[in-house]
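A.B. asks: Okay, handing you the structure first.
The values are calculated or read from the model by the stated rules, or taken from the named source; none is laboratory data. Every value quoted in this text rests on a predicted model; they were computed, and no experiment measured them. Counting neighbours? That spans all protein chains shown, and the Cβs are built from the backbone with ideal geometry, glycine included. Please note that ligands, DNA and RNA were not included when accessible areas were found on the heavy atoms of the full protein model with its side chains. Shrake-Rupley method; radii C 1.70, N 1.55, O 1.52, S 1.80 Å.
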Amino acid sequence: MFSGAQISLYPMSDDFIDIILGALSALDPWRDQLRIETDDLSTLLVGPPEILFPAMRDLFVAAAKGGVHCTLHATVSRGCPGEPDDPICIPRGGLPPGTPLADRIVAARAGVTTAALTGQAVAAQFSLYPLGLGHHMDEIYGCVDFLKSSGTFERSKNFCTKLRGDAGPVFETLSQAFTGFGAQAGHVALDVTLSANSPSKV
């Protein structure tokens, strides 16, 4: 399997360089579990699917902790048939293959319930794409059922779902959606935009 995320961080500040470079140190604890490559557009994180979102959480919280309006955009993928298998991406733990959808919804809720709080409020909107499945809508509807009871659900929007809350549970909700829905060995993609410290009214 290959799993990874292309991420771009945007602090809305004249000091964006220092904010980004300072936030990158938050990835240090994850560097032995991830391959990290950066260019002028984005940073690629490659590693186990359940590690991607905690690493992104730490990066985003570090960038936002000073109160500057920050956004992060990520395209996340697992099981892409166009990418070679990579030993660093082997999932760690998780439910066994073939776990029924109802059980995956329960497990996803439990994961969000136990997520640690960070003290940083965030909003997110995302779309989940289980690809190559004959019954992909069953997986999407199952994910929506989970989201509505996750404690981070704000509302449905055209083409996406909006979440709001502490960064810990919000990123865990995204992680559970990404790892818990769609075939375990199938291709699943997720597109997400996050915002913290926005001057816009809620």
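A.B. asks: Does region 119-147 hold any residues that are open to solvent by 70 Å² or more (accessible area, probe 1.4 Å), modelled with pLDDT of 95 or more and either touching a Gly at 6+ places or on another chain (Cβ under 8 Å) or over 17 Å from A196 (Cβ atoms) (or both), and which are they?
C.D. replies: D145
A.B. asks: Still on this structure, I have one more. Is it the case, given these coordinates, that D14 is acidic (D, E), surrounded by fewer than 18 Cβ atoms within 10 Å (Cβ to Cβ) and in contact (Cβ under 8 Å) with a residue 12 or more places away in the chain?
C.D. replies: For D14, the condition - acidic (D, E), surrounded by fewer than 18 Cβ atoms within 10 Å (Cβ to Cβ) and in contact (Cβ under 8 Å) with a residue 12 or more places away in the chain - is not met.
A.B. asks: Under 7 Å between Cβ atoms, which residue pairs at least 6 apart in sequence (or on different chains) link something in region 190-202 that is under 15 Å from Y10 (Cα atoms) and open to solvent by less than 10 Å² (accessible area, probe 1.4 Å) with a partner that is part of a strand (DSSP E or B) and not hydrophobic (A, V, I, L, M, F, W, C)?
C.D. replies: L194/T71
A.B. asks: Quick one: how many residues across region 20-52 are part of a helix (DSSP H, G or I) and not polar (S, T, N, Q)?
C.D. replies: Residues that pass the stated criteria total 14.
A.B. asks: Okay, moving on. For the structure I just gave you, tell me whether A23 is open to solvent by less than 10 Å² (accessible area, probe 1.4 Å) and either in contact with a Leu (Cβ under 9 Å, 6 or more places away or on another chain) or not acidic (D, E) (or both).
C.D. replies: So A23 fits the description; yes.
A.B. asks: Right, here's the next one. Hey, among A63, A55, A116, A108, which residue is open to solvent by 70 Å² or more (accessible area, probe 1.4 Å), modelled with pLDDT of 95 or more and not in a strand (DSSP E or B)?
C.D. replies: A116
A.B. asks: Residues of region 150-189 being farther than 18 Å from G67 by Cα, open to solvent by 10 Å² or more (accessible area, probe 1.4 Å) and part of a strand (DSSP E or B), which ones?
C.D. replies: Across region 150-189, the qualifying residues are F153, E154, R155, S156, K157, C160, T161, K162, H187, A189.
A.B. asks: Quickly run through region 66-90 and pick out the residues that are of a type outside the set (V, I, T), within 29 Å of G119 (Cβ to Cβ) and in a loop (DSSP other than H, G, I, E, B).
C.D. replies: G66, G67, H69
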